[in-house]
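Structure record follows, encoded as structure tokens.
Just so you know, all these numbers are worked out from the coordinates, no wet-lab data involved. What you are looking at is a predicted structure, and each value in this text was computed from that prediction instead of being measured. Please note: Cβ atoms are built from the backbone with ideal geometry, for glycine as well, and neighbour counts cover all protein chains shown.
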Amino acid sequence: MNVLRELPKIDRLLLNERFTGLNHSFLTPIIKKKVEELRGLVLEKKIAKIDTNSLIEEIYKEYEELLSPSLIPLINATGVIIHTNLGRSAISQVLFENIKKLLSGYTNLEYDEKKGCRGERYIHIQKQLKTLLGVEDALVVNNNASAVFLILNTFAYAKESVVSRGELVEIGGSFRVPDVMARSGTKLVEVGTTNKTKLNDYKNAINEESAMLMKVHKSNFSIEGFNEEVEMSELSKLACEHGLIDYYDLGSGYYGNLPYNLSKNEPSLQEILKHNPSLVSFSGDKLLGGVQAGIIVGKKELIKKLKQNQLLRMLRVDKITLALLEETIRAYIKDELHLIPTHFLLNRSMDELTKVAKRLQKKIANSSIIESKTYVGGGTLPNRSIPTIALKIKGNAKILEENFRKNGVIGRIENDSFLLDLRALLPEFENDLIKYSKKVLG
């Protein structure tokens, strides 16, 4: 066991010049672990000599990995604009620059500078949302799932909420509407069938225990063929007749118009809100193109009651979310839609994408330009494809996908070919795509 005597002492290793300037509080546990691993290999007779230099490099490498950021930038060459795994909607660098000074100092987040006393954080985005959408009031929580939970818990706890069977969806991460409803304390009342629900189905389910008529956007699937559903305007009218709350969990709302005929059978926020529903909630980071948030709009007296629910403190958003969302809404009001990346990418024409493809092809080896189809993503516009342009890279698709991925470029495989889809490629990443492509392809 003479080899064991060669194991370096922990205190001596800490003094090694390779570790000069490193934080000993984090370094010491790594050294102890590595020395113990080495001791185990010696006892198992798997090594017969201690290589101190290699040990020091392993310790240094693990220390560097410990301090390396977990979140890293990636180039989205999948073609999916609102890619859930890649962070959904990108935030404009211009909009981010607009709030940098705000975020790096103190703010009036909960301070009323006119009265010199404590203020309310929710008023900061309220004015912009009311102006853009023409609603009585608005409230922002940390995501749309929170919005759903808060609304149901506030207005339908221990009471009944009526929902169509065809709208009891499950979205990514096993988020199931029936489970969220149960957790909120409301009793789910299913009406209609999977493919057909009529207004009378809701009407017949109403009784003295009813609190809400709820509509849920189908999000990531569609029902084709023999089907029927009730429009929100009809549901609102029925709820009003019976003194109930009508609520639309829209999931992903959009403002304005969508290109490529995507607006067909997919009403905008303006169309939904013109019928004055009690409450509507939607995500800030999907088709709206902002930061992750749950936006609730509707009747003023109902928003006031939501603010009085003690759960709101657990669901509230911070100054970063409020500032970024406010800048996004201001861009809509000022008609500066080019500053919203999701809107910009979705509205890019095929001619524009072809120009980008030709520019990139000149500098990316073994590539050819093809037309293809992609999807908006993020649980929006189910089964509605949009046209796109991609660079098809010659070679083994699986190997290419892996090598590009290791260099921070996420592409996709289609028909056994590796594609760099340009639909979701932001202009500021074009040069990076060229650089990493050259690194992979030689």
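Averaging the sequence gap over all C-alpha pairs within less than 8 Å and six or more residues apart, then dividing by the number of residues, gives the range 93-339 a relative contact order of 25 percent.
Whole-Hz Karplus values for the range 154-162 come out as 6, 10, 10, 4, 6, 10, 9, 10, 9 Hz, taken residue by residue from phi with 6.51 cos²θ - 1.76 cosθ + 1.60 and θ = phi - 60°; glycine and proline positions read x. The separation of the range 39-73 from the range 316-368, counted between C-alpha centres, amounts to 43 Å. With viscosity set to 1.567 mPa s at 4 °C, what whole-number translational diffusion coefficient in µm²/s follows for the chain from Stokes-Einstein and a Kirkwood radius over Cα pairs? Rounded, D is 51 µm²/s. Computed 3J(HN,Hα) for the range 195-201, one whole-Hz value per residue from the Karplus formula 6.51 cos²θ - 1.76 cosθ + 1.60 where θ = phi - 60°, is 9, 9, 9, 10, 4, 5, 5, glycine and proline marked x. Our summary gives the chain a relative contact order of 19 percent, counting only alpha carbon pairs under 8 angstrom and 6 or more residues apart. Under a 5 Å amide H to amide H cut-off, with H placed in plane at 1.01 Å, what residues pair with K215 once short-range neighbours are removed? Those qualifying (amide H under 5 Å, at least 5 residues apart or on another chain) are Y247, Y248, D249.
Counting 0.36 nm for each residue step from N16 to R384 and taking away their Cα separation leaves a gain of 126.4 nm. Once the GluC sites (Glu not before Pro) in DSSP loops with at most 16 neighbouring Cβ atoms within 10 Å are cut out of the chain, the longest remaining piece is 337-442. Between 0 and 90 degrees, rounded to the nearest ten: what's the tilt of helix 319-333 against the longest Cα principal axis of the chain? In the chain, helix 319-333 runs at an angle near 60 degrees to the longest axis. Toward the positive end of the charge dipole of the range 93-138, with +1 on the Cβ of Lys and Arg and -1 on the Cβ of Asp and Glu, the farthest Cα among Y122, L132, N98 is that of N98.
In this structure the amide hydrogen of L168, modeled in the peptide plane, comes within under 5 Å of no amide hydrogen from residues 5 or more places off or on another chain. Restriction of the chymotrypsin sites (Phe, Trp or Tyr not before Pro) in the range 215-289 to DSSP coil positions whose beta-carbon has at most 14 other beta-carbons within 10 angstrom yields F221, F226.
Between L109 and K438, residue separation times 0.36 nm minus the direct Cα-Cα distance comes to 113.8 nm.
Here the range 93-339 carries DSSP beta bridges of which approximately 45% are antiparallel, counting only pairs with both residues inside. Spin-label model, Y157 to K300: label points 7 Å out along the Cα-to-beta-carbon direction sit 2.6 nm apart.
Electrostatic bookkeeping for N396 treats Lys and Arg as +1 and Asp and Glu as -1; over the other residues with beta carbon under 10 Å from its beta carbon, the sum is -1.
Normalising the average separation of contacting C-alpha pairs (under 8 angstrom, six or more residues apart) by the number of residues puts the relative contact order of the range 99-159 at 16 percent. Between E120 and H338, the FRET efficiency from the beta-carbon distance, with R0 = 30 Å, is close to 0.40. Any idea how far apart K203 and A48 come out in nm if each label point goes 7 Å out from Cα toward Cβ? Computed distance between label sites K203 and A48 equals 9.2 nm. Under a model in which nothing but the beta-carbon of Lys, Arg (+1) and Asp, Glu (-1) is charged, the chain shows a dipole of about 1020 debye around its Cα centre.
With both labels modelled 7 Å from their Cα along Cα-to-Cβ, the F96 to R183 distance reads 3.0 nm.
Amide H contacts of T374 (H built 1.01 Å from N, in plane; Pro and chain starts excluded): I386, T388 sit under 5 Å, all sequence-distant by 5 or more or on other chains. So what's the gap between the Cα centers of the range 394-442 and the range 137-182, to the nearest angstrom? Cα centroid to Cα centroid, the span is 39 Å.
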